[in-house]
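Undergrad: Take this structure, written in structure tokens, and hold onto it; I'll ask about it next.
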Amino acid sequence: MQFQFSQIGASLSRRGGIVELMDDLGEALSGAGQGEMRMLGGGNPAAIPAVQAVWRSRLQEIMSDADYCDRVLVQYDGPAGNPAFREIVADCFRREFGWNVTARNITVTAGGQMAFFQLFNLLGGVSGNITRKVLLPIVPEYIGYSDQGVCPELYAGCLPEIELQGDHGFKYRVDFQRVEAVESLGAIALSRPTNPSGNVLTDGEVARLRELARRRNVPLLLDNAYGLPFPGAIFTAAKLPTWDEDLVMVFSLSKLGLPGARTAIVVAHEEIAARVAAMNAVIGLANNNMGQAIAGPLLKNREILRLSREVIQPFYRQRATLALEVVAQEFGDDFPYRVHAAEGAFFLWIWFPELPISSRELYERLKQRNVLLVPGEYFFYGLPNDLDWPHRQQCVRITFSQSEQTVVAGLRIIAEELRQLHDSV
Ligand code: PLP
């Protein structure tokens, strides 16, 4: 049969970067390539033994309480999420961070990916005779957003300033002149830490973006998938901003080691929270309640915050240090590479300013050698089609969340392949 697809259907089902990345990840971690591939690709969290033990023990607790277990399994939650869980979340943010929130500001979604699909299409897109843009203050930005717009050309991405640091480092800074020049806004959005670069926008940069958002009467959406207060994979002194109605904060349970729970939390103005909840009902009826059942008591007694501070953050910080050491050792001082300041998340973002092929071709070559990474070009979107900026073909994202052995072996092969490439031109 020859199927005909709608424009929106075709756009949402096209094989974009995130589809390829998740296919690769599934294949490497649980499919035919299991055990063979060195998975330096997707953003899967590490299985940290002390953390996984907490989730297992909580599951046992749920199972040993027959009534509670049955209720979790047999009942749909309302579309905003479980009322008791939403109370716990609001109470935690009120007491620990002084936020002025109630359960009405909290909506649960089926993961952060889904939350952003809902938020972007709620706030951005065609409105009367204009298209409201989602402004991304620094591109490269999370690959998972790039195909989420129901409306074409949803994003207005802004190229950053590049600050060179030492012989082999660099850091992206917000170019506020570019950011201020974008018109017709529906929202401003960013991930903090930023996936892919590991950049953590400073408190000052966030405050400036927040001030711009207020002036334009749109919310600032902050994606805290890797950030504060959980899983807390931030290696700088950055703080959690104080919430107010101009801010939409999204937190996910995934990077705590629970991606299968498909659970995220949106903290927003009551109207936005209610609209996201209504979208939950339309798109998926209700949320997965198991994630909330696992996490609820551990948020209530703050164990999740303690684990994030004392176990998860030090784990990823140590992994980042190791990955940086291996990169320095494998590439040596004379090779042309620069690594973005590793300030958070699970990634190194490496720039090869003299790369003789595109990062996409490099990805293909490395896949042949059983090493997966993510080519950088996917993270540059919302930009003019004719933009000529070689930097976007010269970067790759490497995950350091898998085993040390995988990280070391994968980086060694990447360095070897790149040396061969450079020697052959
Ligand atoms: N935001 C960022 C920056 C991410 O990296 C991810 C996943 O990798 C997500 C959101 C979505 O995660 P989830 O839907 O599992 O919460």
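Undergrad: Which condition number does GLY166 fail, the rest of (1) out of contact with any strand residue (DSSP E or B) (no Cβ under 7 Å at 6 or more places or on another chain); (2) in contact (Cβ under 8 Å) with a residue 24 or more places away in the chain being met?
TA: Condition not satisfied by GLY166: (2).
Undergrad: Consider GLU211 carefully, then state whether it is in a loop (DSSP other than H, G, I, E, B), charged (D, E, K, R) and either at negative phi or outside the structural domain of ARG397 (by TED's automatic domain parsing) (or both). Outline the logic, then answer.
TA: Numbers: in a loop (DSSP other than H, G, I, E, B): no; charged (D, E, K, R): yes; either at negative phi or outside the structural domain of ARG397 (by TED's automatic domain parsing) (or both): yes.
For GLU211, the condition - in a loop (DSSP other than H, G, I, E, B), charged (D, E, K, R) and either at negative phi or outside the structural domain of ARG397 (by TED's automatic domain parsing) (or both) - is not met.
Undergrad: Restricting segment 312-370 to residues that are polar (S, T, N, Q) and closer than 20 Å to LEU25 by Cα, which is nearest to the chain's Cα centre (by Cα)?
TA: Going through segment 312-370, the residues polar (S, T, N, Q) turn out to be 313, 318, 321, 329, 358-359, 368, 370.
Narrowing the set further to residues that are closer than 20 Å to LEU25 by Cα leaves 359, 368, 370.
On the way: SER359: 21, GLN368: 27, ASN370: 25 Å.
So, considering only residues that are polar (S, T, N, Q) and closer than 20 Å to LEU25 by Cα, the one nearest to the chain's Cα centre (by Cα) is SER359.
Undergrad: Right, here's the next one. Select, from GLY149, GLY186, the only residue that is in a loop (DSSP other than H, G, I, E, B) and in contact (Cβ under 8 Å) with a residue 24 or more places away in the chain. Steps first, answer last, please.
TA: Numbers: GLY186 fails: in a loop (DSSP other than H, G, I, E, B).
Only one candidate qualifies: GLY149.
Undergrad: Residues that are open to solvent by 10 Å² or more (accessible area, probe 1.4 Å) and not basic (Lys, Arg): which helices (runs of 4 or more DSSP H) entirely in segment 267-360 hold 3 or more of them? Steps first, please.
TA: On the way: elements: 270-284, 289-300, 303-307, 313-331.
Per the criteria, 270-284, 289-300, 313-331.
Undergrad: Return the residue satisfying two criteria in turn: it lies in segment 189-199 and is touching a Phe, Trp or Tyr at 6+ places or on another chain (Cβ under 8 Å) and in a loop (DSSP other than H, G, I, E, B), and of such residues it is nearest to the ligand (Cβ to nearest atom). Can you show your working first?
TA: As a first pass, look at segment 189-199 and keep what is touching a Phe, Trp or Tyr at 6+ places or on another chain (Cβ under 8 Å): 189, 191, 193-199.
Next cut, in a loop (DSSP other than H, G, I, E, B) only: 193-199.
On the way: PRO193: 8, THR194: 8, ASN195: 4, PRO196: 9, SER197: 11, GLY198: 11, ASN199: 12 Å.
If we take residues in segment 189-199 being touching a Phe, Trp or Tyr at 6+ places or on another chain (Cβ under 8 Å) and in a loop (DSSP other than H, G, I, E, B), then ASN195 is nearest to the ligand (Cβ to nearest atom).
Undergrad: For residues that are open to solvent by 10 Å² or more (accessible area, probe 1.4 Å), of a type outside the set (A, V, I, L, M) and in a loop (DSSP other than H, G, I, E, B), tally how many sit in segment 381-423.
TA: Residues in segment 381-423 being open to solvent by 10 Å² or more (accessible area, probe 1.4 Å), of a type outside the set (A, V, I, L, M) and in a loop (DSSP other than H, G, I, E, B): 10 in total.
Undergrad: Report whether or not GLY157 is in contact (Cβ under 8 Å) with a residue 12 or more places away in the chain and in contact with a Phe, Trp or Tyr (Cβ under 7 Å, 6 or more places away or on another chain).
TA: So GLY157 passes the test.
Undergrad: Also, quick follow-up: Restrict the check to segment 234-252 and report whether at least one residue is under 30 Å from ALA50 (Cα atoms), open to solvent by less than 20 Å² (accessible area, probe 1.4 Å), outside any strand (DSSP E or B) and within 15 Å of the ligand (Cβ to nearest atom).
TA: No, segment 234-252 contains no residue that is under 30 Å from ALA50 (Cα atoms), open to solvent by less than 20 Å² (accessible area, probe 1.4 Å), outside any strand (DSSP E or B) and within 15 Å of the ligand (Cβ to nearest atom).
Undergrad: Could I ask something else about it? I'm trying to understand the selection: among the residues of segment 103-151, which are within 11 Å of the ligand (Cβ to nearest atom), within 22 Å of VAL179 (Cβ to Cβ) and not aromatic (Phe, Trp, Tyr)?
TA: Listed by number, the residues that qualify are GLU141, ILE143, GLY144, GLN148.
Undergrad: Just to be sure I understand, how many residues within segment 20-70 are surrounded by fewer than 14 Cβ atoms within 10 Å (Cβ to Cβ), at pLDDT 90 or above, of a type in the set (A, V, I, L, M, F, W, C) and not in a helix (DSSP H, G or I)?
TA: Selection size over segment 20-70: 1.
Undergrad: Does any residue of segment 174-181 turn out to be out of contact with any Asp or Glu (no Cβ under 8 Å at 6 or more places or on another chain), on the phi > 0 side of the Ramachandran plot and outside any strand (DSSP E or B)?
TA: No, there is no match, as no residue in segment 174-181 is out of contact with any Asp or Glu (no Cβ under 8 Å at 6 or more places or on another chain), on the phi > 0 side of the Ramachandran plot and outside any strand (DSSP E or B).
Undergrad: Can you tell which of VAL174, VAL206, VAL218, VAL179 is free of Cβ contacts under 8 Å to residues at least 40 places away in the same chain and more than 16 Å from the ligand (Cβ to nearest atom)?
TA: VAL174
Undergrad: Further, regarding this structure: Mind checking which pairs have a first residue in segment 103-127 that is under 17 Å from LEU285 (Cα atoms) and a second that is outside any helix (DSSP H, G or I) and away from the ligand (no atom under 16 Å from the Cβ), Cβ under 7 Å, 6 or more apart or different chains?
TA: THR107/ALA80; VAL108/ALA80
The values are calculated or read from the model by the stated rules, or taken from the named source; none is laboratory data. What you see is a predicted model, and the numbers here were worked out from it, not measured in a lab. With ideal geometry, Cβ positions are generated from the backbone for all residues, glycine too; neighbour counts draw on all protein chains shown. We work out accessible area using only protein heavy atoms, side chains counted, and drop any ligands, DNA or RNA first. Shrake-Rupley method; radii C 1.70, N 1.55, O 1.52, S 1.80 Å.
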